[in-house]
1. Can you pull out every residue in the stretch 138-184 that is more than 11 Å from the ligand (Cβ to nearest atom), under 16 Å from Phe203 (Cα atoms) and of a type in the set (A, V, I, L, M)?
2. Of all residues being outside any loop (DSSP other than H, G, I, E, B) and open to solvent by less than 30 Å² (accessible area, probe 1.4 Å) in the stretch 301-312, which is nearest to Ile264 (Cα to Cα)? Just the residue, please.
3. Name the residues in the stretch 73-94 that are open to solvent by 10 Å² or more (accessible area, probe 1.4 Å) and within 12 Å of the ligand (Cβ to nearest atom), would you?
4. In the stretch 45-64, what count of residues is obtained for those that are out of contact with any Cys (no Cβ under 8 Å at 6 or more places or on another chain), open to solvent by 10 Å² or more (accessible area, probe 1.4 Å) and not basic (Lys, Arg)?
5. Condition (residue is farther than 21 Å from Arg19 by Cβ, without any contact (Cβ under 8 Å) to a residue 60 or more places away in the chain and of a type in the set (Gly, Ala, Ser)) applied to the stretch 320-328: is it met by at least one residue?
6. Please enumerate the residues belonging to the stretch 98-109 that are more than 12 Å from Phe80 (Cα to Cα) and open to solvent by 80 Å² or more (accessible area, probe 1.4 Å).
7. What pairs come out if I take residues in the stretch 266-288 that are in contact (Cβ under 8 Å) with a residue 40 or more places away in the chain and closer than 13 Å to Ala244 by Cβ and pair them with residues that are open to solvent by less than 10 Å² (accessible area, probe 1.4 Å) and of a type in the set (A, V, I, L, M, F, W, C) whose C-beta lies under 7 Å away, six or more apart or interchain?
8. Might you let me know whether the stretch 247-269 holds any residue that is more than 19 Å from Ile313 (Cβ to Cβ) and under 14 Å from the mean Cα position of the chain (by Cα)?
Amino acid sequence: MALKNTSFLQACAGERPARTPIWLMRQAGRYLPEYRAIRSNISFFDLCRTPELCAEVTLQPINRFGLDAAILFSDILVVFDAMGAKVDFTPAPVIESPVRCRADVDRLTFGDPATELGYVFDAIVACKKALDERVPLIGFCGAPFTTLSYLVEGKGSRDFQHTKTMMFGEPLLFGQLMESITTVLIGYLKQQIASGVDALQIFDSWAGALSPADYRTHVLPHLRRLCEEVRGTVPIIMFARGNANLLSTVSELPADVLGIDWSIGLGDAIDVVGPKWVVQGNLDPMTMLGSREGVRKKTLEILRTGQRAGGHIFNFGHGISRYTDPEMVKFLVDTVHAYVPETAGAS
Ligand code: 1CP
């Protein structure tokens, strides 16, 4: 059976499908009443561990909006089930015993994701079945640094005190932990591919905590290994958020698509990474809390600018806000799909 809508995968490959494809980071989630209805009966992590419900939630935005790709409903933090770290959701994620020293690292287990995260792979199979080849399915993981930061800080952080204490104070330990995490992530993404995902996104949501020099020294080699080992069968989207000055460094990675956050104009991002890269992004998701006219204007600007890149996938520059009106999302998707590049009909 072949996919019915290939526009997203075509764009990943640097082609120009008839319509610019669109999907939205965090498209399955709290802004949707049908998601909140399911969540009212089950905890967040239990939801992640119930494949049939993951499939149902994954398909909710697909059924409503006609997006061009689905993203697996799961979380970057479930991978801790393969590392022997316990995470709670109260109501934001919290690691039970943060990992701060050598003894803490030694207590981690770094098991085989193929056996420890079976519920994720079952969810992928359930999603593919429910999607019935309508659109591709995107799998994902947190990048090594973002994953490590959660382990070390124990939760979200503003200054990354503990992560940087380890990185600058015990660079060997930091490097070993990055290496072990990366090995788990490689197995995890490979098993996602084996289970049927059509593309992968690596979320380095906390990349912006680091200077470009430290990112290059302490993070880039691990990301390179991750991309190199996983690459080949499905496209990889690399999304590093929070500091547009990291873009030129990130563009050295062997990925297929670069996610662009909203802190930089898309045109400036293309100037930095070069016209060959396929880019994904980058509407500020908070624009959706304003007027339709504002959304339309900014969306058209991004679509026009995307024509200058090696390919363009429309998305937000970070996850959708839970306060977004689903009607506005419908308006956005329709606006993107109605767009015809100015050059397309020119003689
Ligand atoms: O119902 C709820 O209250 C849970 C809210 C929620 C949802 C819907 C969380 C908790 N995670 C998710 C789903 C999720 N998370 C997806 C599903 C697919 C989709 O995009 O529709 C994905 C891809 C993620 C990835 C994720 N989780 C990231 C990377 C993306 C980003 O936003 O930067 C991060 C940082 C997380 C951690 C996380 N999980 C949940 C929350 C509230 C957070 C952030 C916590 C923090 O900043 O400390």
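1. Leu148, Leu151, Met178, Ile181, Val184
2. Per the stated criteria, the residue is Ile302.
3. Within the stretch 73-94, Phe73, Ser74, Asp75, Ile76, Val87, Asp88, Phe89, Thr90, Pro91, Ala92, Pro93, Val94 meet the criteria.
4. So the count comes out to 9.
5. no
6. Arg100, Arg102, Asp106, Arg107
7. So the pair list comes out as Leu266/Ile260; Leu266/Val279.
8. Among the residues of the stretch 247-269, not one is more than 19 Å from Ile313 (Cβ to Cβ) and under 14 Å from the mean Cα position of the chain (by Cα), which makes the answer no.
The values are calculated or read from the model by the stated rules, or taken from the named source; none is laboratory data. Since we're looking at a predicted model, the values are computed, not measured. All Cβ positions, even for glycine, are placed from backbone atoms using ideal geometry, and neighbour counts span all protein chains on display. Heads up: the accessible areas ignore ligands, DNA and RNA and are worked out on the full protein's heavy atoms, side chains in. Shrake-Rupley method; radii C 1.70, N 1.55, O 1.52, S 1.80 Å.
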